[in-house]
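Accompanying notes for the structure given below.
No value in this document is a laboratory result; all are computed from the given coordinates. In this text, all values refer to a predicted model and were calculated from it rather than measured experimentally. Ideal geometry is used to build each Cβ from the backbone, glycine not excepted, and the neighbour counts take in all protein chains shown.
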Amino acid sequence: MHLQKETALQEKTPLVIMGIPFHDMTFEETVSWALERIRSGRSGYIITANLDFVMQSRRDPELQRIMLEADLVVADGAPLVWISRMFGPKLRQRVTGSDLTPMLAGACRDENLSIFALGAARGVPQKAMDALKEKYPGLQVAGFYSPPKADILDMDHEDILRKIRDAGPDLLLVAFGAPKQEKWINMHFREWQVPLAIGIGGTLDFLAGTQRRAPLLVQKAGMEWFWRMLTDPRRLLGRYASNLVFLARESIRLGRLSRGGGPKNEPLPVPQDAILEDLQAVFIPMKPMASRTALQTFLERLLPVVQTHSLVLDLSEIKALNSLELGGLVALEKTCRKYKGRVFLWNAGRGIQRYLQACGLTDYLRIVDTLEELQSQLGKLQRIVREGSVVDMGQGFLKIRMPLELTVTNLEDFRQKVDGIWDRLSAQGGLDEITIDAGQLEFIDSSALGFLVGLKKKAQAQNILMEFHGFSGDAGKTLKLARLDKLLGS
């Protein structure tokens, strides 16, 4: 049964466009998928991503990771549909959050499911829900709430979650704006009992009538962004201008790089079976795949393998990766990570390497160029390195080595590990200094940042010296983006 669920997931292999996975879905298919997910009872979320999401993800590793691992990402932007054909199969339809939301509400009415609106300015969620109830008589509105404006780490999360928990909706509409709404959903969706959440940006304002949408002809022409810019130039002119420059630059650059080419690397030898088995990895040759059927067959063959082993994929026969093949690699990596493994790319040509680098994917899909590098990367997946450590060094000194990644998925285990030793030493009156080593930390999310801020405040309250060292790479970027580099930096 578990394998069947994983296989069903892979049937929706995304197309990776500009480094972001987009599922090739129509409005009707998206609504059907949402209803099926709600009925399953497994909490999940939908992202309606436009060009601005793609641009933001280049500087925000957390946002890109959230989209790489979301249950469903649809293209909310005509430019993304237009350029998709440059990289592989064309996306069939633009699926806008503003149109999808009322369609989901209608489906919930028909299926006797309830919705909850969260976010936007005070009074807007109620007006929006009233408008939906008028359009869909009998729609069950479980509730609505506009939290006070605050940065994500300063929000009263428990109060918001309590209101949602008491309401018990089947579908949660989150209107905090991107990327805050996506980060907030990612922080909490695994623990709440809401079957499905979706970030909807300014849709509540459209429904409430506090902001007008473009005329239907403008929407169909894919020019709604231009209409919005004209109606709110002070807020949107700079953003859309940046989006257009980004689109022009990246379309040309990535279009050229996606064709591969360039000088070939000297082929790497196949790693010995004994070495791979010792490191719990399997070597798999990958061939070019032009059809979804071929890719699906390849993925299904590997599903039993990734539950016990990391994958070393040999790309020596592949000159360039189209959006479908790249989507397959992302799907494999996502599944591997569930089982504490990874995908490593072997014999990736220079053209492929440059393309993945330009897409910002080399921290998610790891390229290895030597056997020594492969052994090093696989060695990091060993439990003691992967999960971090907390060591009482004696004489009132505690050393915390952070894991490879610290996110909402492993935060609670790490928190218990830290709190257990900290509280024991404090009770004994023997804790004076704490060093937190982030040297091996490769990725961190907002939940983990909140945890570190809490540790810092706890240390200050107890007059304990706390120092942080080693933040770099994507973890360092996330720290700076959250404006915590001074508080938690070296």
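Descriptive notes on the structure:
- 20 Å Cα-Cα threshold exceeded, pairs from 338/456; 340/380; 12/135; 287/319; 180/458: 338/456; 12/135; 180/458
- Placing pseudo-labels 7 Å out from each Cα toward the beta carbon at residue 424 and residue 350 gives an inter-label distance of 5.4 nm.
- From phi via Karplus (6.51, -1.76, 1.60), per-residue ³J(HN,Hα) for region 409-414 in Hz, x at Gly/Pro: 6, 10, 5, 5, 4, 5
- For residue 73, the residues 5 or more places off, or on other chains, whose built amide H falls under 5 Å of its own are 23, 47.
- The chymotrypsin sites (Phe, Trp or Tyr not before Pro) of region 368-450 include none that meets both conditions, a loop assignment by DSSP and at most 12 other Cβ atoms within 10 Å of the site Cβ.
- Of 90/334; 149/183; 183/477; 183/399; 163/457, those spanning more than 18 Å from alpha-carbon to alpha-carbon: 90/334; 183/399; 163/457
- Taking Lys and Arg as +1 and Asp and Glu as -1, the other residues whose beta-carbon sits under 14 Å from that of residue 107 total -3.
- Cβ-derived FRET efficiency at R0 25 Å, residue 416 paired with residue 149, nearest 0.05: 0.15
- Residue 483-residue 110 pseudo-label distance in nm [points 7 Å out on the Cα-to-Cβ vector]: 4.6 nm
- Trypsin sites (Lys or Arg not before Pro) lying in DSSP loop within region 93-145, provided at most 11 other Cβ fall within 10 Å: 122
- Spin-label model, residue 440/residue 460: points 7 Å from Cα along the beta carbon direction are separated by 3.0 nm.
- For region 2-253: rounded, prolate or oblate by the Cα gyration tensor [a/c cutoff 1.5]: rounded
- Cα pair distances exceeding 18 angstrom across region 1-150, given as percent: 63 percent
- Per-residue ellipticity at 222 nm from helix content only, as computed over the chain with -39500 (n - 2.57) for each DSSP H run of at least four residues, stands at -14500 deg cm²/dmol.
- The chymotrypsin sites (Phe, Trp or Tyr not before Pro) found in region 266-355 that occupy coil by DSSP, while having at most 16 further C-beta atoms within 10 Å, are 339.
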